[in-house]
1. Assuming Ser300 fulfils every condition listed in (1) among the small types (Gly, Ala, Ser); (2) at pLDDT below 90; (3) buried (at least 22 other Cβ atoms within 10 Å of the Cβ) apart from one, which condition is it?
2. Name every residue in region 407-429 that is within 11 Å of ligand 1 (Cβ to nearest atom) and either touching a Ser or Thr at 6+ places or on another chain (Cβ under 6 Å) or in a helix (DSSP H, G or I) (or both), in order of residue number.
3. For region 381-411, how many residues are free of Cβ contacts under 8 Å to residues at least 60 places away in the same chain and more than 18 Å from the chain's Cα centre (by Cα)?
4. Inspect region 69-77 for any residue being more than 25 Å from the chain's Cα centre (by Cα), part of a helix (DSSP H, G or I) and farther than 30 Å from Gly241 by Cα and give the result as yes or no.
5. Name the single residue that is farthest from the chain's Cα centre (by Cα) among those in region 161-194 being under 18 Å from Leu207 (Cα atoms) and in a strand (DSSP E or B).
6. Please verify whether Ala439 is touching a residue at least 40 places away in the same chain (Cβ under 8 Å) and either away from ligand 2 (no atom under 16 Å from the Cβ) or touching a Leu at 6+ places or on another chain (Cβ under 7 Å) (or both), treating the condition exactly as stated.
7. Filter region 404-436 down to the residues that are more than 16 Å from ligand 2 (Cβ to nearest atom) and of a type in the set (S, T, N, Q), then identify the one that is nearest to Met470 (Cα to Cα).
8. Here are some conditions: (1) part of a strand (DSSP E or B); (2) surrounded by 21 or more Cβ atoms within 10 Å (Cβ to Cβ). Ala327 meets all but one. Which one does it not meet?
Amino acid sequence: MSESGVALQMVGVSKQYPGTLAVDHVDFTVYAGEVHALIGENGAGKSTLMKIIAGSFGDYTGRLMINSREVPLHSPAIAKANGIQMIHQELSLAPPLSIAENVMAGRLPTCGPFLNRAAMLAEARRCLARVGLDLDPETPVEEISQHEAQLVEIAKALGNNPCILVMDEPTSALGRDEVARLFEIIRNLRRQGLAIIYISHHLPEVLEIADRVTVMRDGRRVATEEIRNVTSEQLVEMMVGRSVSNLYAARKAQPGQVRLRVEHLSRYGFFHDVSFDVRAGEVLGIGGLSGAGRSELARSICGIDPIDSGAMTLDGRPLRPASYGAAIRRGLAYLTEDRKTQGLALRMSVAENILAPMIQRHSHGGVYRAGCGTTLLDRLMRLLDVYPPEPRRMVATLSGGNQQKALLAKWLATDPQVLILDEPTRGVDVGAKVILHRAIAEVADQGRCVVLISSDLPELVGLSDRIAIMRRGHFIGEIPRADATEAAVLLAANGEGALVST
Ligand SMILES: Nc1ncnc2c1ncn2[C@@H]1O[C@H](COP(=O)(O)OP(=O)(O)OP(=O)(O)O)[C@@H](O)[C@H]1O
Ligand SMILES: [Mg+2]
């Protein structure tokens, strides 16, 4: 393959799902040695286009050429044999298995009829090193963090020596430092002549890492441009067909009395001596680097994980949920950052997913009458613009961004008094983000408490009334709204800059 050779060419490719033409006569060319970004609104057809390349469908139409040779990509095995590797939007690791078994899946080294364990571990270690991970390969995947899992997934793909690597939102679970590390890896792969297709909703990242960009809308390719010829604003316009103002609504309500009080909360090894209050109508942001303990704190507050010491009250009454279910019944809701394994039952319908915790909250062991939730369901699906608006559809058939909207709808349905959000707009496009932000602000405006954990700095700064900074398991101080800028949060999260102590 020459430096400037065509690695992959698609001509007039289409894919029809029952009821949806997800990819509509797309022509798409990727060169060896380039990073080609693929962008578009939620549901535009990006993941579907990439799944075609990965051999997920036997029934696409059109032609696919790899290194100028036509190949019918009708199975994952054919795609793999042609050097195509895909890192899916939703991670595909098997949690109970070890890192090594995951990384080496499908190519475990054997010695006669036996697994060659030493060789497996050595090769796994080598793959992990390529993504800068220094983990024990025998650790079960369920014990590592989400960002580590994302890097393990990349290590696994690289282990198959691909010439075309597809990354579907690879940075959504990564913090800043990890993104920088990933970009280093990507630049390296580009130098080695790999063709990299990079799907992202994060335009600054696209502008930084890509050489060219293709924009999709409603299943069609609307443009392909050299990245140096386009601005972020132009890309947004191509995506949505209009210009979008991403302004954060000015918050109306003045915070009222303290509702949630957290005092000296510790879970050893995760977070220590954390105290804070959240008032009625207030959005408390929690800033910090990934691994600072923010999700762990949220999980303990909601009774998912234990607490070692400390106390909490809600509206003056002691709060110590023995389980997640108990927390939900007290009016807590936690939107997890990990929507696939903890957030949604992918094989169940949108309606069942959205209504499940609401039923749990209100049933109290009694009988729940089917059909009660229909009005609520309609209202929420309309409010959050879940597309397609079909409650009976299986969640797995929604695009990634629309799954995220369904996840927020599910927690809004419980009418929570305390809404804890962990990366609420991950994988959501610019337009949908505005809708979700409005819905979150509305919860606070009704006198509820919102706790917002987000790595999206404009979001954290734009939505929060004040921002607590968490670092290595400790609350190290607070930034009031007036002083909250992206730079201030970033400096504080890194242990620099001035803070109001809590
Ligand atoms: N298995 C499926 N069955 C039916 N329809 C599907 C299925 N998977 C996706 N779709 C539909 O196909 C369209 C394209 O979805 P796709 O997942 O490719 O979007 P996307 O561009 O990756 O969006 P996002 O940014 O939200 O991830 C959407 O309308 C989606 O609802
Ligand atoms: Mg997608």
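The values are calculated or read from the model by the stated rules, or taken from the named source; none is laboratory data. On a predicted model such as this, the values are computed, not experimentally measured, just so you know. Cβ coordinates were reconstructed from backbone atoms using ideal geometry, including for glycine residues, and neighbour counts include every protein chain displayed.
1. Exception for Ser300: condition (2).
2. Once the filter is applied, which keeps residues that are within 11 Å of ligand 1 (Cβ to nearest atom) and either touching a Ser or Thr at 6+ places or on another chain (Cβ under 6 Å) or in a helix (DSSP H, G or I) (or both), region 407-429 yields Arg426, Gly427.
3. Residues in region 381-411 being free of Cβ contacts under 8 Å to residues at least 60 places away in the same chain and more than 18 Å from the chain's Cα centre (by Cα): 10 in total.
4. Within region 69-77, one or more residues are more than 25 Å from the chain's Cα centre (by Cα), part of a helix (DSSP H, G or I) and farther than 30 Å from Gly241 by Cα.
5. Val166
6. Yes: the conditions hold for Ala439.
7. Result: Gln417.
8. (1)
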